[in-house]
Amino acid sequence: MRRQTLLVVFAATFSFVTNFGETLISSAQHKEDIELFPSAEIKWKDGPPSLPKGAKIAVLEGDPGKTGPFVFRVKVPDGYRIPPHTHPQTERVTVISGTFNIGMGDTFDQKKTKAMPAGTFGHWAANMKHFVWVKGETVVQFHGNGPWTIEYLNPQDDPRKQK
């Protein structure tokens with residue numbers, strides 16, 4: 001009887017260790033599939049037509065134009081401005097470098113903005129009217145759920161409609 005109990009305990013332990021080991025191997029293989037984006041190696045492309053000229057973009061995860069999670073960075077030169085606009089979903093922003101100045105409302109007024117220096121995270125509700133200007137070359141990371149779109153309050157401000 002004692003021998004049978006020991007065999008059952010051994011078999012159960014062996015089964016657990018074997019399955020646990022397979023789980024560890026599977027997890028280790030999955031962890032090798034990570035993607036890293038050191039700042040110096042990020043590949044920047046011209047910004048989308050929905051942003052004023054001068055913006056550069058690097059998509060780090062997902063596709064901002066499609067349904068689902070995304071992460072992208074935008075790099076813009078000193079003095080860059082985005083006229084009053086909205087987004088249909090909550091906007092989430094982390095300032096990587098420079099100063100991102102955000103103002104709320106339907107009229108651009110540089111004096112009514114709040115400075116977001118490097119390291120600052122901010123978010124604002126979907127459809128909130130806001131505008132932006134930057135001080136110094138600025139890199140900002142956006143993340144959320146797509147599709148990410150921008151709608152300018154004044155159609156004349158929309159770079160997609162300018163030639």
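So, E61, is that one at pLDDT below 95, open to solvent by 50 Å² or more (accessible area, probe 1.4 Å) and under 19 Å from the mean Cα position of the chain (by Cα) or not?
no
What are the residues in the range 73-126 that are open to solvent by less than 20 Å² (accessible area, probe 1.4 Å) and touching a helix residue (DSSP H, G or I) at 6+ places or on another chain (Cβ under 6 Å), if any?
G103
Can you tell me which residues in the range 127-143 are within 19 Å of the chain's Cα centre (by Cα) and either open to solvent by 60 Å² or more (accessible area, probe 1.4 Å) or not aromatic (F, W, Y) (or both)?
N127, M128, H130, V132, V134, E137, T138, V139, V140, Q141, H143
Give the residue that is nearest to E35 (Cα to Cα), with candidates limited to residues of the range 53-101 that are of a type in the set (S, T, Y) and part of a strand (DSSP E or B).
For the range 53-101, the residue satisfying everything is T94.
Where residues in the range 144-163 are open to solvent by 30 Å² or more (accessible area, probe 1.4 Å) and part of a strand (DSSP E or B), which of them is modelled with the highest pLDDT?
E151
The values are calculated or read from the model by the stated rules, or taken from the named source; none is laboratory data. Everything numeric in this text was worked out from a predicted model, so none of it was measured. Note: ideal-geometry Cβ built from the backbone for every residue, glycine included; neighbour counts use all protein chains shown. SASA here: full protein model, heavy atoms, side chains in, ligands and nucleic acids out. Shrake-Rupley method; radii C 1.70, N 1.55, O 1.52, S 1.80 Å.
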